[in-house]
Structure formats: structure tokens, C-alpha cells
Amino acid sequence: MDDQGYFHSFPAVQGFQGKRPFFIAMCPLRMIPKLFMFDEEEVPAELRAQRTLNKSRVPAIAQYLVGNPDSYILSALTASVDGQLRFAPHDPERNQFVGVLEIPMGARILINDGQHRRAAIEEALKESPALSQDNVPVLFFGDEGLVRSQQMFADLNKYAVRPSYSLSTLYDHRDPSSELARYLASECRAFRGLTEMEKSTISNRSVKLFTLSSIKHASRALLRKSAKDNVNSTERMVAKEYWDAVSDQIPDWQRARTKDVATAELRQEYVHAHGVALQALALAGSELLSRRPKQWKTDLRRLRNIDWSRANTNVWEGRAMVHGRISKAATNVHLAANYIKSYLGLTLSPTDLELEALLPIKQRLSSKG
């Protein structure tokens with residue numbers, strides 16, 4: 001305490017960016033809700049320095065913290081301090097950049113980046129007080145007014161790019177569906193050597209046929225799994241057997257694997273070379289496995305007779321294609337699955353038939369296929 005009043009003190013390192021000093025400090029999680037304000041007043045965007053808090057994002061982050069107390073990772077928060085920052089080096093002669101940062105307790109501390117993490121920390125501590133002893137790094141800057149704070153927000157978010165869903169799947173070792181997708185990509189002959197592991201879209205020049213993200217989504221649909229549901233060893237083997245059996249009935253997939261045909265040519269000419277077909281095969285397969293658990297492999301042989309050509313507009317236009325272009329919309333996936341179900345001899349459900357009513361009469365399928 002001095003003539004300015006009481007201070008919060010943090011171990012910190014001083015640095016400079018753009019000729020302005022900033023400080024990296026370690027803050028206990030228990031202090032985060034008390035220290036950092038978020039401007040939630042209903043004022044016009046031009047008078048704020050942050051986006052509106054999206055409360056729907058908070059529970060997922062909070063559950064991530066609570067569910068992984070020994071291995072979670074939180075990136076640094078960034079905050080502006082409307083008050084006089086004081087920095088006291090531990091050893092001014094040897095290292096003037098390591099010391100203690102003092103912030104007046106009466107200062108207004110506003111988060112420039114990390115408001116959702118701040119709200120999630122507050123929620124997580126209610127459920128798991130033990131987290132209160134952990135720390136999160138915070139970058140402190142001096143508050144230079146609204147314009148500077150708005151510019152900081154713009155600069156911090158301008159170049160942020162989310163990783164592709166395939167790359168997130170590749171690196172996510174907490175998610176059972178991601179683990180399943182990686183297993184299938186490496187062990188299943190339908191996908192081995194044909195899977196794009198990093199990107200969620202396939203370029204025209206790519207030699208790959210499937211994306212890791214499409215395998216994940218399709219296999220989750222095949223096994224009727226929701227996000228984060230566990231996948232046991234039996235279910236994993238069922239998924240592998242199913243996709244291997246499907247591959248046996250689509251000769252073009254085998255030709256792609258042996259490089260007897262260019263994958264770009266398949267994507268240009270056939271529906272089965274796109275994610276919509278993979279997802280549709282998964283939905284149809286889920287019904288097949290459920291209704292005919294002992295003969296599904298025999299029934300799958302009928303897939304060999306499907307005309308997958310994009311030129312077969314009488315079948316695929318309105319189902320997997322819209323105006324000649326492949327469509328991954330949920331309705332199109334379901335309509336494509338309806339056709340495959342019918343071809344496999346499966347009866348269509350009332351929900352399936354409701355979707356069929358969206359098609360021209362000549363294209364519609366009956367409940368008997």
C-alpha cells in the first residue's frame with residue numbers, strides 16, 4: 001500500500017510491442033471472475049470494444065475444464081487496465097524484465113480477448129472448486145481509450161484462422177469419434193491411402209478420395225453415435241467391416257486405391273466420390289445393420305448395380321445434386337440415403353416418405369422401395 005491505495009500483485013515479465021509496454025502475468029483461476037470485467041451493457045457496437053458474449057459457447061468450454069482437470073490447456077487472456085501499472089524488477093541490474101506487476105485495486109480491468117474463457121472459468125469453478133488453484137497467463141496492457149481498445153480487438157482477431165475439421169479430428173485424442181476416424185483411415189481398406197488428413201475439402205489435383213472429417217461424420221451416423229459418445233471395440237470392428245464391405249461393392253474405390261483411375265476423374269463423374277454419398281451410405285448402413293444383422297453383407301452386394309454416374313440425373317438430381325452440383329445439405333444426404341435404402345430392399349420410414357414428397361412425382365420412392 002502507498003499513496004495510491006491497495007494493489008493486486010502478480011509475478012510477471014515485461015515486454016514491448018509496437019513501442020508499448022505490456023506484461024505477462026500468472027493469475028490464479030479463482031481471481032479471474034473477480035478481476036476482469038466484461039462490458040455487457042446494451043450499448044451500440046461502435047461504443048464497445050468487444051463482441052457480444054455468446055452464452056451458448058460458455059458451457060462447452062466450462063465442461064472441457066471440468067472434464068479434463070489434469071490435462072486442459074487455456075490460452076492467455078488479454079486485458080486493458082484503466083489505471084497506473086507499476087512494475088518492480090526483482091533484480092534491476094541483472095534482469096530488469098522479470099519482477100512483480102502491481103495493479104491498483106480500484107483500476108478497471110477490461111478483457112480485450114478471452115471473454116468466453118473468462119465466463120467459462122467462472123462456471124467451471126462452481127462445479128469444480130479444485131481448479132481455483134490453477135493459473136492462466138494474462139497479457140496486461142495500459143488502457144489508452146476506446147479507439148485503442150477497439151483496434152486491439154480487431155488486431156487480435158484479424159488473422160485468427162480455425163483449423164480445418166479434418167486436422168482437428170487428426171489431433172483430437174479426447175474424442176472417441178476422432179479416434180474411430182483415425183483407426184478407419186489407417187486400417188480400413190476402403191480408406192487406407194485415400195484419406196485427406198488435414199483439409200476438410202479436396203482440391204481438384206488431390207490424389208485423395210475422402211476427408212478424415214467426412215469419415216468421422218459418416219461413421220458416427222453409421223453407429224448412431226452422438227458427439228463424445230464412447231465407441232467400444234466391437235463397434236469399431238463393425239464400422240471397419242461395413243466400410244470394407246461397401247468398398248468391395250464399389251469397384252471405382254478399388255481402382256482409385258490401385259491408381260488405375262484418377263480420383264479427380266471420379267469426383268468429376270461420379271456421386272460415390274463425394275462426402276454426400278459416404279454420409280448416405282452410413283445412414284442406409286445404420287438401418288441395414290439394425291434390421292438385418294445376419295445378412296447385411298449379402299444385401300450390400302446390391303450396391304454393385306447402382307448407377308453412381310452424375311449423368312444419371314433421373315436418380316441423383318434433387319437427391320445428391322442440385323442443378324447439377326453436388327450438395328451436402330442434410331436433406332440431400334437423407335434423400336440419397338433413401339435411394340440406397342430402397343436399392344437394398346429396405347422399407348422407407350414415414351419421415352423418409354415425407355422427404356420423398358419434396359421430389360417430382362416421377363422420382364419419388366414408395367414405402368416398399
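The values are calculated or read from the model by the stated rules, or taken from the named source; none is laboratory data. These numbers come from a predicted model, not from an experiment. With ideal geometry, Cβ positions are generated from the backbone for all residues, glycine too; neighbour counts draw on all protein chains shown.
Can you pull out the residues in the range 104-120 that are at pLDDT 90 or above and more than 18 Å from Ser132 (Cβ to Cβ)? Within the range 104-120, just His116 meets the criteria.
Taking each residue of the range 236-249 that is among the β-branched types (Val, Ile, Thr) and looking for partners that are assigned to a helix (DSSP H, G or I) and at pLDDT 95 or above with beta-carbon atoms closer than 6 Å, six or more apart or interchain, yields Val246/Leu281.
Yes or no, residue by residue, for (1) more than 16 Å from His274 (Cα to Cα); (2) out of contact with any Gly (no Cβ under 6 Å at 6 or more places or on another chain); (3) surrounded by 19 or more Cβ atoms within 10 Å (Cβ to Cβ):
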position	(1), (2), (3)
Ser186	yes, yes, no
Phe191	no, yes, yes
Thr195	no, yes, yes
Ser206	no, yes, no
Thr234	yes, yes, no
Trp243	no, yes, yes
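Taking the stated definitions as given, is Arg162 assigned to a helix (DSSP H, G or I) and free of Cβ contacts under 8 Å to residues at least 40 places away in the same chain? Against the criterion (assigned to a helix (DSSP H, G or I) and free of Cβ contacts under 8 Å to residues at least 40 places away in the same chain), Arg162 does not qualify.
If the condition is being part of a helix (DSSP H, G or I), at pLDDT below 90 and either under 21 Å from Leu125 (Cα atoms) or not assigned by TED's automatic domain parsing to the domain that holds Arg148 (or both), then the range 32-55 contributes Pro33, Lys34, Leu35, Lys55. For the range 202-216, the criterion of being under 25 Å from Gln295 (Cα atoms) and in contact with a Pro (Cβ under 7 Å, 6 or more places away or on another chain) is satisfied by no residue at all. Among the numbered conditions (1) surrounded by fewer than 19 Cβ atoms within 10 Å (Cβ to Cβ); (2) at positive phi; (3) outside the structural domain of Ala239 (by TED's automatic domain parsing), the only one that Gly114 does not meet is (1).
Among the candidates Leu346, Leu353, single out the residue that is touching an Asp or Glu at 6+ places or on another chain (Cβ under 8 Å) and assigned by TED's automatic domain parsing to the domain that holds Ser247. Please lay out each step first, then the result.
Numbers: Leu353 fails: touching an Asp or Glu at 6+ places or on another chain (Cβ under 8 Å).
On inspection, the qualifying residue turns out to be Leu346.
Given the condition surrounded by fewer than 16 Cβ atoms within 10 Å (Cβ to Cβ) and not in a helix (DSSP H, G or I), answer yes or no: does some residue in the range 245-253 qualify? Within the range 245-253, none of the residues are surrounded by fewer than 16 Cβ atoms within 10 Å (Cβ to Cβ) and not in a helix (DSSP H, G or I). Has the range 188-211 got at least one residue that is in the same structural domain as Leu283 (by TED's automatic domain parsing), touching a residue at least 24 places away in the same chain (Cβ under 8 Å) and assigned to a helix (DSSP H, G or I)? Checked the range 188-211: no residue is in the same structural domain as Leu283 (by TED's automatic domain parsing), touching a residue at least 24 places away in the same chain (Cβ under 8 Å) and assigned to a helix (DSSP H, G or I). When Glu287, Glu269 are checked against the criterion of being surrounded by fewer than 17 Cβ atoms within 10 Å (Cβ to Cβ) and modelled with pLDDT of 95 or more, Glu269 stands alone in meeting it.
All of Ala280, Ala227 fail the test of being closer than 23 Å to Pro176 by Cα, of a type in the set (Gly, Ala, Ser) and not in a helix (DSSP H, G or I), apart from Ala227.
In the range 251-265, is there at least one residue being touching a residue at least 40 places away in the same chain (Cβ under 8 Å), of a type outside the set (Val, Ile, Thr), assigned by TED's automatic domain parsing to the domain that holds Tyr343 and within 23 Å of Thr347 (Cα to Cα)? No, every residue in the range 251-265 fails to be touching a residue at least 40 places away in the same chain (Cβ under 8 Å), of a type outside the set (Val, Ile, Thr), assigned by TED's automatic domain parsing to the domain that holds Tyr343 and within 23 Å of Thr347 (Cα to Cα). For the range 104-120, the set of residues classified as of a type outside the set (Asp, Glu) and touching a strand residue (DSSP E or B) at 6+ places or on another chain (Cβ under 7 Å) consists of Pro104, Met105, Gly106, Ala107, Arg108, Ile109, Leu110, Ile111, Asn112, Gly114, Arg117, Arg118, listed by residue number.
Within the range 58-112, track down each residue that is touching a Ser or Thr at 6+ places or on another chain (Cβ under 8 Å) and of a type in the set (D, E, K, R). Listed by number, the list holds a single entry, Glu102.
Among strands (runs of 3 or more DSSP E) lying entirely in the range 86-148, which contain 2 or more residues that are within 14 Å of Ile61 (Cβ to Cβ) and either polar (S, T, N, Q) or more than 31 Å from the chain's Cα centre (by Cα) (or both)?
On the way: elements: 86-91, 95-104, 108-113, 135-142.
No strands (runs of 3 or more DSSP E) qualify here.
Among the residues making up the range 315-369, those that are within 28 Å of the chain's Cα centre (by Cα), in contact (Cβ under 8 Å) with a residue 24 or more places away in the chain and closer than 14 Å to His274 by Cα are Arg319, Ala320, Met321, Ile326, Ser327, Lys328, Asn332, Val333, Ala336, Ala337.
Counting only residues that are surrounded by 21 or more Cβ atoms within 10 Å (Cβ to Cβ) and within 24 Å of Ile202 (Cβ to Cβ), how many does the range 319-338 have? Break it down stepwise before answering.
Residues of the range 319-338 surrounded by 21 or more Cβ atoms within 10 Å (Cβ to Cβ): 319-320, 332-333, 335-338.
With within 24 Å of Ile202 (Cβ to Cβ) added as a condition, the list becomes 319-320, 332-333, 335-337.
Qualifying residue count, the range 319-338: 7.
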